[in-house]
Amino acid sequence: MRHLLDTTDLSVKEIDDLVALAMDIIENKQKYSHMCDGKKLATLFFEPSTRTRLSFEAAMMELGGNVLGFSEASSSSASKGESVSDTIKMVSCYADIIAMRHPLEGAPRVASCKSDVPVINAGDGGHSHPTQTLTDLLTVFREKGRFDNLTIGLCGDLKFGRTVHSLIKAMCRYSNIKFVLIAPKELSVPDYIKTNYLEEKGMEYIETDDMEAVMPQLDILYMTRIQRERFFSEDEYLKYKDAFILDTDKLQNAKADLTIMHPLPRVNEITTAVDDDPRAKYFVQALNGKFVRMALIITLLKWGGALS
Ligand code: CP
C-alpha cells in the first residue's frame, strides 16, 4: 500500500504515468465510469476547501464510487478532543481511501502510520499540497506539451504557499527549468526549499519583487494568494495583501503563449478582466484537478490491491 504525502513520494515515471492516465480519462470518460463501483472515498477536511474536497468527491463519483466525510473539524469528534491517529484508525474501517487536509504540518504523515488504507495529503499547513501539484503538472502538460525547457514565475506568498513549495519540488526534477521567484523579501521561499531543492539540484533561479520587469521572460506565471490565515497578525497581512495584482496592463509585455495559473481561491491578486485573456488558465486548471484526482484514486487503489 502506498500513500501520497508529498510530491516527491512519486517518481518522475509515476508522475508521467498519472498524467497519461488523466489524459486518457479526459478522452475516454465512459471507460472509467464504473472503475470504482462499490469503493468509498473519505474526505476528512479539518481546514476549509472548495476545489480540493469537491474535486476529490466529484472524481470518486465519476468513477462510480461513493464518498463520505466531513468538511470542518467542528463537525467531527476532533472537536471533542479525538486525536488524528484515532480518527484515521476509525475512518480506515469505513473507507477504501482517505483524502485529508489539516492545518498542522505533518498531520497526514501521522495519519498514514495508523491507516489501513491509502492516505492522500490534501494540504497540510504551509508544508505541502501534492494533489495541487499533480493538477498543476497536468495543466502544464496540456498547455505546453512538455515539462522541461520552461521559465516559471512564481508570484505572491512564496513563504507560506504550500502549492509553491510542492511545485518547486516537482519541477526541480526536469531539465532546463528556470525559476523566477517574485515576492516581497519577507514572503520569499523558505531556506529549506532553496537549500534542499533549488541549490541541491543546481537549479537556475532569481528572486525579485518586480513582476513587470521579469514578465517578458516567463513561459508560466503562477500567481498565489497572500494567505490571511497564515499570518500571526492582521496588521502583517494588511502590509502584504496587495503586494502583487496582475492586471491586463502588466501583461502587455508578456509572451503570446504565456500560461497564467493560480491554484485558487484568488482574492484580488488577479483582476477579473484577466479572466478574458486566452492565456488565463486557472479555471481549466481547477477542472484538471478532478481528472488527475481520478487518476490518483485509481492508481493508489491498484497499488494497494483494492482494484485489479
Ligand atoms: N487550490 C486549493 O487547494 O483550493 P481549495 O482550498 O479550495 O481546496
Which one of 205, 125, 8 has its Cα pushed farthest toward the positive end of the charge dipole of the chain, where Lys and Arg give +1 and Asp and Glu give -1 at the Cβ? 8
On each of the three principal axes of the Cα atoms of segment 187-308, give max minus min coordinate, whole Å, ordered largest first. 52, 36, 35
List 100, 203, ordered by accessible area with a 1.4 Å probe, largest first: 203, 100
Tell me which residues come under 5 Å, amide H to amide H, from residue 65 once H is placed; ignore anything under 5 positions away on its chain. 36
Heavy-atom accessible area of residue 56, protein chains in place, probe 1.4 angstrom, given in Å² to nearest 10, is 0 Å²
Pop out the carbon and sulfur fraction of the accessible area of the chain as a percent, whole number, probe 1.4 Å. 49 percent
Using alpha carbons only, how many degrees (0 to 90, rounded to 10) separate the axis of helix 12-27 from the longest principal axis of the chain? 80 degrees
How much accessible surface does residue 110 have with a 1.4 Å probe, in Å² rounded to 10? 70 Å²
Which far-off residues, 5 or more places away or on another chain, put their amide H under 5 Å from the one on residue 4, with H placed in the peptide plane? 119, 120, 121
Karplus-derived 3J(HN,Hα) from phi for segment 105-117 (6.51 cos²θ - 1.76 cosθ + 1.60, θ = phi - 60°), whole Hz, x at Gly and Pro, runs 5, x, 4, x, 5, 4, 4, 5, 6, 9, 8, 8, 10
Given N residues in segment 208-267, what is Rg(Cα) / (2.2 N^0.38 Å)? 1.26
Just the Cα atoms of segment 25-152, one point each, no solvent: what log10 I(q)/I(0) does Debye give at q = 0.22 Å⁻¹? -1.29
Magnitude of the Cβ-charge dipole of segment 70-218, K/R +1 and D/E -1, about the Cα centre, nearest 20 debye? 380 debye
Calculate the dipole size of the chain relative to its Cα centre from +1 charges on Lys and Arg beta carbons and -1 charges on Asp and Glu beta carbons; express the result in debye to the nearest 20. 860 debye
Neighbour-limited loop hits for GluC sites (Glu not before Pro), segment 174-232 (at most 14 other Cβ within 10 Å; DSSP other than H, G, I, E, B): 200
Phi angles of segment 66-83, converted by Karplus (6.51 cos²θ - 1.76 cosθ + 1.60, θ = phi - 60°) into ³J(HN,Hα) in whole Hz with x for Gly and Pro, give 10, 10, 9, x, 9, 10, 8, 4, 5, 9, 10, 6, 4, 5, 9, x, 5, 6
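What fraction of the Cα pairs in the chain, stated in percent, has a spacing above 26 angstrom?
44 percent
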Residue by residue through segment 195-208, the couplings from Karplus 6.51 cos²θ - 1.76 cosθ + 1.60 with θ = phi - 60°, in Hz, x for Gly and Pro, are 5, 7, 10, 4, 7, 4, 8, x, 7, 7, 8, 10, 10, 8
Accessible surface, the chain, averaged per residue in Å² (probe 1.4 Å): 42 Å²
Solvent-accessible ranking of 240, 205, largest area first, probe 1.4 Å: 205, 240
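The values are calculated or read from the model by the stated rules, or taken from the named source; none is laboratory data. As the structure is a prediction and not an experimental result, all values here were calculated from the model. So basically every Cβ, Gly included, is an ideal-geometry build from the backbone, and we count neighbours across all protein chains shown. SASA here: full protein model, heavy atoms, side chains in, ligands and nucleic acids out. Shrake-Rupley method; radii C 1.70, N 1.55, O 1.52, S 1.80 Å.
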